[in-house]
Amino acid sequence: MSVVTEIALEAFVLLRLGERRFALGANQIVELIAPSRVFRFPHRTTALEGVILRRGRIIPICDVSEQLVGKKLTLRRFYLIAHRFFGAQKEAIALPVSGDCELITAELTPRSESDLAHVAGWLSHNGDALEILNLEALTPGPFATRMVAALSQPTEVRA
Amino acid sequence: MQAAVPSKARTPRAEQIILFRVGGQLFAISSASVQEVRSIDSLTGISQEIPTTSVRKVRHTVRRNEQTHYVVNGTVHFGLPATAASLIFFLRHTPTALLVDGIEKMTTMTYLQSLPQAFCHEERDWYRGLTPLDQTVVPVVKPEGFLSTEELTLLDTAVQAEFKKKKADTAEAHE
């Protein structure tokens, strides 16, 4: 008798930042586009470098590579446009990536308490364990600002 | 036979704006928010220096129509490299006068996108939103965003203290 185990597979997009790959839920992805002109203006959100204009919409650019791989991308091949949630609202954000993106289906392993805030979960692909990114924690916004403030608060230790 | 329902044509709401530069950077402001534009030269003799406060972007006041206007250095406000201002905008509904490099042109905007929420610091107070214009993206400033309530309170206090000091000095000189 064979036992069929039902595994819930989900769709993800793999993105490359330098030598490393990460994953985002495919339902968050809008499109992958060639780099276009960056418009810059004064602001104080240092994680954002400017905006691009795409089909009449203005989209902020956030290079997350420094947080994830420790250095800014020197080569940008594409912008991966993804949805980032702000409460119930969602807005597009452009993430510079250094290589092709790939659509895969894989099983999601939930995050654990010890994982960093930007890790939404894990998946296994071609023998690699890849982080599934939590854009709400990785890119600036009210949630990320609150989280940074909370992390900078000294923790009270009680005996 | 049913009559065709006429489709509602969406007419974009147009707004007159002034495109201007501060520190070499292009900005837009609704022309309805600007009461008067004057040359810097015309302020000689009517502007007053104010004591140093923590509001570094304001160093002078101009008294006009019984109202004190705080002269805001736009380059300091936006953190831009210093440039020589040639014009000053007296803004409506706020005691702010803004130093600007110059006016680029007056035009019409038909679309204003609110600032993406990823921009989550002071810029949310600075801008009403962004507008795509002539193959570029221009931030549209909020006239009331140049001076916060706290900054206005600090400036009012400093100006009143200076006024009292001058009055006392004058009285002393007459005695």
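The values are calculated or read from the model by the stated rules, or taken from the named source; none is laboratory data. Everything numeric in this text was worked out from a predicted model, so none of it was measured. A quick note on method: Cβ atoms are made from the backbone with ideal geometry, for glycine too, and the neighbour counts reach across all protein chains shown. Note: accessible area is taken over every heavy atom of the protein model, side chains too, but ligands, DNA and RNA are not part of it. Shrake-Rupley method; radii C 1.70, N 1.55, O 1.52, S 1.80 Å.
Among the strands (runs of 3 or more DSSP E) confined to segment B:89-145, the ones with at least 3 residues that are open to solvent by 10 Å² or more (accessible area, probe 1.4 Å) and under 26 Å from residue A:37 (Cα atoms) are located at B:102-109, B:127-133. Out of curiosity, is residue B:146 of a type in the set (A, V, I, L, M, F, W, C), under 18 Å from residue B:62 (Cα atoms) and away from chain A (no Cβ under 14 Å)? So residue B:146 does not fit the description; no. The set of residues in segment A:99-136 that are modelled with pLDDT under 95, among the small types (Gly, Ala, Ser) and within 17 Å of residue A:80 (Cβ to Cβ) contains only A:99. Name every residue in segment A:5-63 that is of a type in the set (Gly, Ala, Ser) and in a strand (DSSP E or B), in order of residue number. Within segment A:5-63, A:11, A:23, A:25, A:50 qualify.
Residues to consider are B:113, B:117, B:135; find the one that is modelled with pLDDT under 95 and closer than 22 Å to residue A:94 by Cα. Spell out how you get there, then give the answer.
Details: B:113 fails: modelled with pLDDT under 95; B:117 fails: modelled with pLDDT under 95.
None of the others qualify; the one that does is B:135.
The criterion of being closer than 20 Å to residue B:53 by Cα and either surrounded by 12 or more Cβ atoms within 10 Å (Cβ to Cβ) or β-branched (Val, Ile, Thr) (or both) holds for residue B:162.
Can you tell me how many residues within segment B:98-119 are within 25 Å of residue B:82 (Cα to Cα) and facing chain A (nearest Cβ under 9 Å)?
1
Within the option set A:16, A:21, A:40, being of a type in the set (D, E, K, R) and within 14 Å of chain B (Cβ to nearest Cβ) holds for one residue only, A:40.
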